[in-house]
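See below for the structure under consideration.
The values are calculated or read from the model by the stated rules, or taken from the named source; none is laboratory data. Please read all numbers here as calculations on a predicted model, not as lab measurements. We place every Cβ from the backbone using ideal geometry, glycine too, and count neighbours over all the protein chains shown.
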Amino acid sequence: MSPSIHTGIACNLDSNIITAALPLLEQEHVEAIEWSFDALFNWNEVPAWFRDLLQVFADAGRLTGHGIFFSIFSARWSAKQDLWLEQLRQLNRELPFDHVSEHFGFMSGRDFHHGAPLSVPLTASTLAIGQDRLLRIQDACQCPVGLENLAFAFSLEEVRQHGAFLEQLLEPVNGFIILDLHNLYCQMKNFDLGFDALVHSYPLHRVREIHISGGSWEPSTIIPTRNIRRDTHDDAVPEEVFEMLAQTIALCPALKFIFLEQLGAGLHTVSQQSQFRSDYLRICEIVKKHAPAVAQGDAESFSPRPNLQPPSAHIQDAVLYEEQRRLSRILETASDCQDARQKLESSILKNSAWQTEAWPDYMLETALRIAQKWKDGF
Amino acid sequence: MKLPKELLKAIVLGIGIAATATVATSCDKVEITTSDCDESCKNEETCVHVLKRQPDYNCPACGMG
């Protein structure tokens with residue numbers, strides 16, 4: 001018997017999000033909540049009403065945790081990661097998550113806990129580091145762990161490899177994938193790819209969760225005729241993403257949750273909040289229509305494999321760390337794409353596994369914009 | 001999912017308070033008060049020293065923002 005699919009919202013401690021979602025909560029449309037728990041790790045006190053809201057969903061097995069700041073590919077282990085795991089371990093005892101996920105990538109900021117996640121090349125070293133970190137997350141939360149596909153890619157080759165990379169990362173921990181359909185949409189638009197070819201490049205049997213969101217277009221100064229699609233979570237869901245959802249549900253036999261993600265900052269007005277609810281109800285309708293098409297069979301639970309313990313020594317890579325540090329520095333400080341290109345050419349990244357020579361300028365420019373925006377955190 | 005009525009009431013009350021205090025995960029609400037800003041001009045409506053971030057609410061959480 002396949003699991004029923006629960007539709008919900010990414011609900012953080014943000015008055016705009018909760019105001020927008022309140023009518024949906026009152027009308028019992030929200031079946032699950034996803035919470036980015038580590039956004040509040042530095043807060044001493046969480047309001048009781050928010051805690052109670054999370055507790056109701058946790059008690060029903062409908063609360064999922066979605067980390068932001070762990071940075072699974074940082075090549076050097078940090079004390080902050082130890083603290084992050086300890087806080088997750090403690091939190092999960094109080095508010096048990098049905099599963100816990102993180103983002104693919106390493107944080108671009110100065111200490112790898114600030115900035116935006118950027119991709120890494122698939123090598124034996126990055127794979128070993130990612131597997132090591134996932135095992136540690138699973139050890140802390142004692143529940144299924146997963147990764148979300150990344151919206152940003154430096155190159156088409158990275159996009160093509162992404163699904164296979166996720167499969168290799170997740171297999172040892174029996175992990176799952178969050179398939180973010182707007183992230184796929186970004187890659188389709190930024191690399192001129194079709195949906196069918198792209199979605200089937202992912203191990204769809206591992207998809208336990210789908211994310212739906214909106215985003216924005218940013219003009220490229222490199223190619224004036226091209227707009228870059230960015231996953232900014234600040235606007236309505238594009239029609240094409242709804243169509244992608246309708247096609248994807250039947251492809252994912254282990255699908256359990258579908259979440260609508262939008263930032264509270266994009267939900268200031270009554271009109272924006274109304275659009276959010278409209279998008280949510282549209283998702284519910286699509287799920288209702290397409291869920292019966294899900295293949296029957298024993299649903300994958302993604303339970304942790306028995307007797308799997310992380311080794312005492314963390315896997316680290318000094319060369320990769322230096323490459324990440326250098327890349328972050330270049331992206332954060334280069335004055336423009338040409339400047340970044342020159343700095344890459346004279347760095348240890350030249351002729352490396354990163355294959356920076358194959359990065360199109362318009363995506364390098366996008367990486368600069370992302371890194372420089374988020375270098376001080378948020 | 002059905003939520004207890006008391007919880008829904010608490011959320012409504014909580015949102016009212018949170019509207020002014022809870023910005024933990026909202027990316028564009030961070031304001032930087034410069035060292036020039038003294039106590040007399042902390043009112044964000046009138047203070048010329050409070051540098052509001054641009055209305056640009058991309059978020060690193062998404063992986064691309």
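What is the one condition in (1) touching a Phe, Trp or Tyr at 6+ places or on another chain (Cβ under 6 Å); (2) part of a helix (DSSP H, G or I); (3) of a type in the set (A, V, I, L, M) that residue A:25 does not satisfy?
For residue A:25, the failing item is (1).
Looking at the range A:305-335, which of its residues are within 15 Å of residue A:368 (Cβ to Cβ) and surrounded by 13 or more Cβ atoms within 10 Å (Cβ to Cβ)?
A:326, A:327, A:328, A:329, A:330, A:331, A:332, A:333, A:334
For the range A:90-101, check the following and say yes or no: at least one residue is modelled with pLDDT of 95 or more, within 11 Å of chain B (Cβ to nearest Cβ) and within 21 Å of residue A:65 (Cα to Cα).
no
Among A:210, A:258, A:223, A:283, which is away from every other protein chain (no Cβ under 14 Å) and either surrounded by fewer than 15 Cβ atoms within 10 Å (Cβ to Cβ) or of a type in the set (Asp, Glu) (or both)?
A:223
In this structure, is residue A:53 surrounded by 22 or more Cβ atoms within 10 Å (Cβ to Cβ) and facing another protein chain (nearest Cβ under 10 Å)?
yes
If a residue must be under 29 Å from residue A:308 (Cα atoms) and either within 13 Å of another protein chain (Cβ to nearest Cβ) or surrounded by fewer than 24 Cβ atoms within 10 Å (Cβ to Cβ) (or both), how many such residues does the range A:174-205 contain?
Going through the range A:174-205 one residue at a time, the tally reaches 9.
Hey, residue A:75 hits all of (1) part of a loop (DSSP other than H, G, I, E, B); (2) closer than 20 Å to residue A:177 by Cα; (3) more than 9 Å from chain B (Cβ to nearest Cβ) but one; which does it fall short on?
Among (1) part of a loop (DSSP other than H, G, I, E, B); (2) closer than 20 Å to residue A:177 by Cα; (3) more than 9 Å from chain B (Cβ to nearest Cβ), the lone unmet condition for residue A:75 is (2).
Just to be sure, is residue A:362 surrounded by 13 or more Cβ atoms within 10 Å (Cβ to Cβ) and either within 14 Å of residue A:106 (Cβ to Cβ) or among the basic types (Lys, Arg) (or both)?
no
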